[in-house]
Each structure stands twice: as structure tokens, then as C-alpha cells.
Amino acid sequence: MDMIGYDSNNDRKFDIHVNNEPSSLSLADSITNLISRYNLNLVPQIINPGSDRGDHYSFWRQGYLNAIGVGERIFTDDPNPAYHTENDRIDIFNIPYFAEISKMTVGLSATIAKSTGYVCF
């Protein structure tokens, strides 16, 4: 998760950067299924192949191909003008959008924990 609070046009879109590897694609499918199951007000945009400019890319270079990047549409149609600056502050967050992304993140974490046998409290 990176840069997950900015949505200036309130379209609820966010990017999921995947590579063409089954576990990466499966993780993206899990996210879209969670959004549908819990009726979250989000519109995922799956980008395949994903950008080589996000934090996820260093994992791919090290062979962790199941890593994906989830975040703002910084490389597309709604870039954050304060991206990676000291001006990237809570007052430019879209709080309802951030809340939906946070719900999705908790749901995904619980799903992964359940599938791996870890217990969440």
C-alpha cells in the first residue's frame, strides 16, 4: 500500500500493479472479490504489466513476484500534486475514500491470514 489517500476527482479509482505471474494476478483477484463482497465504494484499475516506478518493483527485482502495488493513480489520470513532498498532508486526503481503502486492506489482510493458517485477533 502506497499513497492511498488522495482522490481529487472522487472517482474512487485506485491502481493495482501486477505482473503476469499467477500469484500476483490471484492477489489482485482477491482484492476485486473483497470489494464486491463487502460492497466497498472503490473502483480498482488493474495494470498489467505494472509500473516499474512503484515501491513494489524492488520486490519483483528480488524475485518476489507475488508482490503487487496498490495505490493512487499517480502515473495516470489523478496525480497527487504533493507526491513525495512535505506538502503531502492529511488536508489533501479524501477521507471517505481512504476509509474504503483501509477497509479493503483489513479485509485482504484477514483473507491472507486465514488462507495461510495464521490467526488474527
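Within the chain, what is the longest stretch that has no trypsin sites (Lys or Arg not before Pro) placed in a DSSP loop and near at most 11 other beta-carbon atoms within 10 Å?
Counting at most 11 other Cβ atoms within 10 Å as exposed, the longest clean stretch of the chain is 1-52.
How big is the Kirkwood radius of the stretch 1-83, worked out from every pair of different alpha carbons and given in Å to one decimal? Present the calculation step by step, with values, prior to reporting the outcome.
Numbers: mean 1/r = 0.0766 Å⁻¹.
With all distinct Cα pairs of the stretch 1-83 included, I get 13.1 Å.
What residue among Thr32, Thr76, Thr85 shows peak mean-square fluctuation when the chain is described by a Gaussian network model with Cα springs under 10 Å?
Thr85
Taking 0.36 nm per residue of separation and subtracting the Cα-Cα distance, what length does fully extending Ala82 through Gln62 add?
Numbers: separation 20, 0.36 × 20 = 7.20 nm, distance 2.92 nm.
Computed gain between Ala82 and Gln62 is 4.3 nm.
Bear in mind these aren't lab numbers, they're just calculated from the coordinates by the rules spelled out. Bear in mind the structure is a predicted one, so any value in this text is a computation, not a measurement. Backbone-built Cβ (ideal geometry, glycine too); neighbour counts: all protein chains shown.
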